[in-house]
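A quick write-up on the structure given underneath.
The values are calculated or read from the model by the stated rules, or taken from the named source; none is laboratory data. Only a predicted model underlies this, so the values are computations on that prediction, with no experimental measurement involved. Neighbour counts run over all protein chains shown; Cβ positions are idealised from the backbone, glycine included. For accessibility, only protein heavy atoms count, side chains too; no ligands or nucleic acids. Shrake-Rupley method; radii C 1.70, N 1.55, O 1.52, S 1.80 Å.
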Amino acid sequence: MSSQTGVTPPLRFGQVVIGPPGSGKTTYCQGMQEFLTHLGRKVVVVNMDPANEGLPYSCGVDISELVTLDDVMEGLKLGPNGGLLYCMDYVEANLDWLENKLKQHSDCYFLFDCPGQVELYTHQTSVKNIFSQLAKWNFRLTAVHLVDSHYCADPAKFISVLCTSLSTMLHVELPHVNILSKMDLIEQYGKLAFNLDFYTEVMDLTYLLDHLAADPFFKKFHHLNEKLAEVIQDYSLVSFVPLNVQDKESMIQVLRAVDKANGYCFGDLEERNLQAMMSAAVGADFQFDSTLGVQERYVETSGKTVEEEMMDL
């Protein structure tokens, strides 16, 4: 490996895209690849998911050339979860293969499309060790953690999402940006109890606990939920950036958060392209900086008075 030869590899930037199954990781990689290419950034997508088939984007490095989930499940008689854990252990044991593949793409920005198994990022060590090795190869990475935005409509699921996000942040040990994906579907399964900024900024969760206690099933778990909320607020690490991949302004806000996290600096051409895109999208002032703009776009207003909404709560 290059770290053993004493030669410092060139500095490379990128994102590791993680999150639960179905949260939109592959769609995000496809959209971000197209978006960055329009900006003039040279992008390589690395498929790190051995179960990913029929990739919608052009893939620079594909881990399925090294190992696939189907082969592992058939050869070792494992289920999908155990097979995926084995695959990532196998990748960790063959990092020289990955290093040689990445060396073929110099002066590029990398998007790592990772598997969707939650335990890989909360307590299993193979993926964490792979990320650590990438850092030793002089990669400056940001973990982009995607979760479905419609979980905001269910207080119990939102607390679960907060716990998962916090656990992932502490375990992965990378600069971290949490994303509420599929903002256009945020109220698909129910109305939001509070304004969107309550969820993106993770404000006082006691209000959410009171809302949760109204459910007879969760009322008996009030003390447990209270302690979980205390842990989340004591760390005070979790916040979210709303995202709709098809929305240009939304992608700009996510990219700004990611670049700020890993220290990426724009080149002159890219900065000009971004300014031109933003002037066409939102004018001179950035209306989309506030979650109010996102809320107006994707969250339906009830038309009720404040007194009526308080009576509902």
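So the values come out like this:
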| item | result |
| --- | --- |
| For the stretch 5-58, the fraction of alpha-carbon pairs in successive 5 Å shells from zero, as % | 4, 15, 26, 22, 14, 10, 6, 3, 0 |
| Separation in nanometres of the label points that stand 7 Å from Cα toward Cβ, at Thr37 and Lys260 | 2.9 nm |
| Virtual spin-label span in nm between Tyr207 and Thr8, 7 Å along Cα→Cβ | 4.8 nm |
| Where labels lie 7 Å past Cα in the beta-carbon direction, separation of Gln133 and Leu237 in nm | 2.4 nm |
| Charge sum, other residues only, whose C-beta stays under 12 Å from His171's C-beta, Lys/Arg counted +1 and Asp/Glu -1 | -1 |
| Local electrostatic count at Met88 - Lys and Arg +1, Asp and Glu -1, tallied over other residues with Cβ under 13 Å | -3 |
| Accessible-area value, Tyr57, 1.4 Å probe, nucleic acids and ligands omitted, Å² | 20 Å² |
| Residue list for the stretch 7-51, given a label point 7 angstrom along the Cα-to-Cβ vector of Trp97 and an amide N cut-off under 12 Å | 50 |
| Accessible area per residue in Å² at 1.4 Å probe, computed on the stretch 43-152 | 40 Å² |
| The stretch 1-122 - convex hull of alpha carbons, volume per residue in Å³ | 114 Å³ |
| Where Lys103, Lys182, Lys136 fall by accessible area, highest first, once all protein chains stay in place (1.4 Å) | Lys136, Lys103, Lys182 |
| Area of Leu224 that stays accessible when all protein chains are in place (1.4 Å probe, Å², to 10) | 100 Å² |
| Per-residue SASA entry for Lys128, accessible area with 1.4 Å probe, Å² rounded to 10 | 50 Å² |
| Cα gyration tensor category, rounded, prolate or oblate, for the stretch 67-174 with a/c compared to 1.5 | oblate |
| Contour excess over end-to-end distance, with Cα ends at Glu119 and Asn195 and 0.36 nm allotted per residue | 24.3 nm |
| Accessible surface ranking that places the most exposed of Glu201, Glu226, Glu187, Glu74 first, with a 1.4 angstrom probe | Glu74, Glu201, Glu226, Glu187 |
